[in-house]
Every structure is written in structure tokens, then in C-alpha cells.
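Q: Have a look at the structure that comes next, please.
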Amino acid sequence: MRRLRTEAWADIVMLAVACGVALPALLGYGGLRVPQAAWAAMFVAFGAGTVTVMLAGRCMQLIGFSVCVAAAWAMVLTASPGLLPILLVVTAAMSAYVVPIWVGLLVVMVNTCVVALSAALEITRSSSSGMPSSPAPPAVPAALAPSAAVALAATFYLLIQLATLLSTLTLLREQRLREELAVANTELRASNELLAESARAAERLRISRDLHDLLGHQLTALTLQLETARQVEGAAVQRHVDTADAIARELLRDVRATVSRLRVQAPDLERALRRIADAVPGIRVLVNVAAGVRADEQVSAAFVRATQEVITNAVRHSSARELRIEIAAEASGTVFEAIDDGVGAALPVLGNGLSGLRERFGELGGSLEIDGSSGFRVVGTVPAV
């Protein structure tokens, strides 16, 4: 099963608990105050709302959560309490994923009132039918037993809801901090790789200048001297001078070729990307750079930043398990492609990161395409030089 949200497993557990709690009433053993089919319809609505919270987008999540809350209230008020108030505890925990904390606390307060009303209705029903109600605690006077029982039930479930809501909020906060740490670590590694490559590029430039200024000057002077010596008479001398001149010119060509290679030497792109990918927790990042890829410093920097951005999106938004990054050399140029198995987005909205990435590829004469129809796919192309 593909992980649609990080909290999906928690929602599945909530739904399983709800099924277990509601099972007696569904089987007709819950002292229902409404027809069993109507009560079952309420439970179906509760389950549908929970699934909507698990799978849908933000707007539909709010609608699904509202349906869950209303259905839970209706189920608790139309059946003997038993363990059914646990459904209200489930909605309190679910609120941490969908609504602000103050809304969650408001839901907890209303849920507590529903528990108190349900307990009062059960006591009234038991008294009118002549059935014995739940015994009061020993320390409570008999005259206050019904109201005390209602207060105890409300207080008990109030504390459980608060504990559940606060613990869920704590877990979510810890999870968000882990995600932020993973994103920050990815950014740090990407910056380190760019700084290291910048330092290597500066060192290559310094060496190339030294070679050009020292060896190149000396060899040029030697060539000029040999050119002058060619004017000396004598066949034997002339033959040796010609040979020396050819050697000197060959050395000069070699030095110039070496200088050119040092200036445009491509960094180890695959190693740099793997260093960034290996540090990401909770998601498997696969990197493959084709053997024919040749990227200069600017193109490599664009690919490093693209890798950083797609990893950040996968961690924060996509809830993906796997991200594949491939760089290939094609006739049109060098192609960067990244695709994950997350939720995607039918109409992806470009944030600052992706917008900046598109501008970076545009400055190199290339383009960036984004597709969220199946997972999240980013394709950047840099034209061949």
C-alpha cells in the first residue's frame, strides 16, 4: 500500500478501534434508541469521513472530519454508552491532523457535553424502565448518585480526550521537526558540495594560469629563439634546429590543451548527488548519472540544486517512499529527471524553490517541466554546448 500521508497508519488504527467499539451496537446489542439500520448508516458515515480525512485534499479533509464528529455525536446519543464514547476520543485525536489546536479543544469540550448527555439519557432510560442503573461510587451520597455518575463519566472522557489530543500533537510536532531536520541536512550537504566544487574550480583556474604564465611563456620564448637559430647556415645544424622547433611547438600545444582541460573539467557529479541523497532519512533516493554526461560547473550547480529541491519536496509534501533521480546525455542536451511515488498533485503549485529552479535552468538556455499526475515528476533540460 502506497503511503498517502505520514499519518495514514494512525488513521487506520483509529478506524479499526471505531469498528471494534461499534461492533456490539451493529450486531444489535447496544440498547439502540433508533432503528438498527439508521444507526448503521451513522457508522458508515463515520467511516466514510475517516477515509476522506486519510485520502483527500485539505478542503475535503475538513468536510470528512465534520462528518466524523457529527456521526460520532449521533451514535453516542442514540445508543447505550458502553465503550461508544471512545468514538469521541477518536475524533479528538483526529482533530490534531486537520484543524488548529483551538478547534480541537472546542471539539473536546462539545464531546464532553455529549458524554454527559448520553450518560444522563441512559440513567433516565434505566429509571423509567425499572432497570438498575450503574452503581454510584461508594463515597457519593445516594441522592447525588445519578448526577455524580454523569460528572464522573464526563470528567473521565474529558481527561482521556485531552491526553490523546496533546500526545498526538506532540508526536506530530516531533515528526515535523524530523522532516525539517532532514530538509536542513539536505540543504547543508548541497551547499557543501557547491562550495567544495567552487574551491576545486578556483584551484584549477590558479594552476591553469600558472602553467600558462610560466611554461607557456618559456616555451614561446624557446620557439622564438629556435626560429632565429634557423637562420644559421649549415645543413646539420638546420636539421637539429627544425627537430627542436617541432618538439617545442608540440610541448606548447600540450600545455595549452592541458590548460583548456583544467578550465572546463567537469566535477564528479554522481558522487556529489549521492552524498546529498544518502543523508535523507525515511525515503530511498536512487541516483544514476549516465556515463556520457559532461557537465561544467554551472550545469553541475543547477543539477545539485535540482536534487536538493526535489528531495525537499518529497520529504515535506509528497510522502513518498522512493525517489529516482537520473541524468542522461541526449542529442538535445543533458536531461535531469526526478520522479517519486508520492501523492503528486493534479495542478502543482510552484513555490519559491521550483520557481527559482525553473529560472536557473532558463538562464542556462534550458527548460524545466513539472508533472504531478502520477507521483511527482520534474524534468530539466540543458542544451548541448
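Q: What is the spin-label model distance, in nm, from LEU162 to VAL34 if the labels are put 7 Å beyond Cα along the C-beta direction?
A: For LEU162 paired with VAL34, the spin-label model returns 3.1 nm.
Q: Which cross-chain or sequence-distant (5 or more) residues have an amide H under 5 Å from the amide H of GLU322, H modelled 1.01 Å from N in plane?
A: ARG284, ASP341
Q: In what sequence, largest accessible area first, do LEU195, LEU169, LEU87 appear using a 1.4 Å probe?
A: Numbers: LEU195 120, LEU169 45, LEU87 0 Å².
Sorted by accessible area, descending: LEU195, LEU169, LEU87.
Q: Applying 1/(1 + (r/R0)^6) with R0 = 22 Å to the Cβ-Cβ distance of SER373 and LEU286, what FRET efficiency is obtained, to the nearest 0.05?
A: 0.55
Q: Test of understanding: what is the full-extension gain from ALA329 to ARG271, defined as 0.36 nm times their sequence separation minus their Cα-Cα distance?
A: Net length gain for the segment: 19.2 nm.
Q: Could you report the accessible area of THR52 in Å², rounded to 10, computed with a 1.4 Å probe on the protein chains as they sit in the structure?
A: Using a 1.4 Å probe on the heavy atoms, I get roughly 40 Å².
Q: While we're here: Does a label point 7 Å from the Cα of ARG321, set along Cα-to-beta-carbon, have any residues of the range 337-355 with amide nitrogen under 12 Å, and which are they?
A: Only 341-342 pass the distance filter.
Q: Rg and Dmax of the range 261-385, using alpha carbons, in Å: what are they?
A: When restricted to the Cα atoms of the range 261-385, Rg and Dmax are 13.9, 45 Å.
Q: So if we plug the beta-carbon distance of ARG178 and ARG253 into 1/(1 + (r/R0)^6) with R0 = 51 Å, what FRET efficiency do we get, rounded to 0.05?
A: Result of the calculation: an efficiency of 0.35.
The values are calculated or read from the model by the stated rules, or taken from the named source; none is laboratory data. Everything numeric here is computed off the predicted structure, so don't read it as measured data. Using ideal geometry, Cβ is built from the backbone for each residue, glycine included, and neighbour counts are taken over all protein chains shown. Ligands, DNA and RNA are stripped out before the accessible areas are found, and what is left, the full protein with its side chains, is counted by its heavy atoms. Shrake-Rupley method; radii C 1.70, N 1.55, O 1.52, S 1.80 Å.
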